[in-house]
1. When you scan region 92-112, do you find a residue that is over 30 Å from residue 24 (Cα atoms), buried (at least 17 other Cβ atoms within 10 Å of the Cβ), touching a helix residue (DSSP H, G or I) at 6+ places or on another chain (Cβ under 9 Å) and in contact (Cβ under 8 Å) with a residue 24 or more places away in the chain, even just one?
2. Which of (1) part of a loop (DSSP other than H, G, I, E, B); (2) modelled with pLDDT of 95 or more; (3) out of contact with any strand residue (DSSP E or B) (no Cβ under 7 Å at 6 or more places or on another chain) does residue 165 not meet, given it meets every other one?
3. Being outside any helix (DSSP H, G or I) and exposed (fewer than 14 other Cβ atoms within 10 Å of the Cβ) is the filter; apply it to region 64-91 and report the residue that is farthest from the chain's Cα centre (by Cα).
4. Would you mind stating whether residue 153 is outside any loop (DSSP other than H, G, I, E, B) and surrounded by 12 or more Cβ atoms within 10 Å (Cβ to Cβ)?
5. Against the condition farther than 23 Å from residue 29 by Cβ and part of a helix (DSSP H, G or I), how does residue 118 come out, does it pass?
6. For residue 191, are the conditions met, namely being within 30 Å of residue 15 (Cα to Cα), under 14 Å from the mean Cα position of the chain (by Cα) and touching a residue at least 40 places away in the same chain (Cβ under 8 Å)?
7. So, in region 92-105, how many residues would count as being in a loop (DSSP other than H, G, I, E, B) and out of contact with any strand residue (DSSP E or B) (no Cβ under 9 Å at 6 or more places or on another chain)?
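The values are calculated or read from the model by the stated rules, or taken from the named source; none is laboratory data. Predicted model only: the values in this text are computed from it and were never measured. Cβ placement follows ideal geometry from the backbone for every residue including glycine, while neighbour counts extend to all protein chains displayed.
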């Protein structure tokens, strides 16, 4: 089975899962964190090279303050508790997003986890935190414009490669597969530039119910996709589809 080099997951449905069980939304976030740990480990052991999890968007700051505060505490607790396990599993951890908005203790936990796992050579695990793709692109364009203003580059030198390397995701390759749970079928401001030729997999399963078996289903679906990138299908791809 052909595995994607990079999976990106929009972990959606924690709140709805909790409401269905007549529990507070925070209950869903706790369960969702446990599921994330299992999926991270599963991806690592299957040999996936890169995994990006959409953990907290720029729009999520507009949620009720009590929920936001809980999510930040949950994140900090997870990082402090799981950093040793990440090292054990040879998982390198990093974060993309506007970290200036995060509480200081969470920022410190991120720094420590990133530094502690920096030498790990297995799965490259990326948390998108306080992340919005439009914001990311805006910052990249602004930085390029400043280089033009300083005379470091000319407008004619700006190309797709320059924009890609100016994004916060660089040097992680673009996602081959983007998974979204809970039945929603949109990107929600996630990896807009990077998703140009990603394969999408949508499932009705709410994130707290997502299992390794569901992950395997997504990987199996990906393995039979014909990825042409706008080109004509090759004989190899046609043979794969016919099998």
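1. yes
2. (1)
3. 64
4. No.
5. no
6. Taking the combined requirement at face value, the residue satisfies it.
7. Total satisfying the criteria: 1.
So that you can scan it fast, the table gives a plain yes or no per residue for (1) at pLDDT 95 or above; (2) closer than 19 Å to residue 126 by Cα:
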position	(1), (2)
188	yes, yes
198	yes, yes
220	yes, no
230	no, no
234	no, no
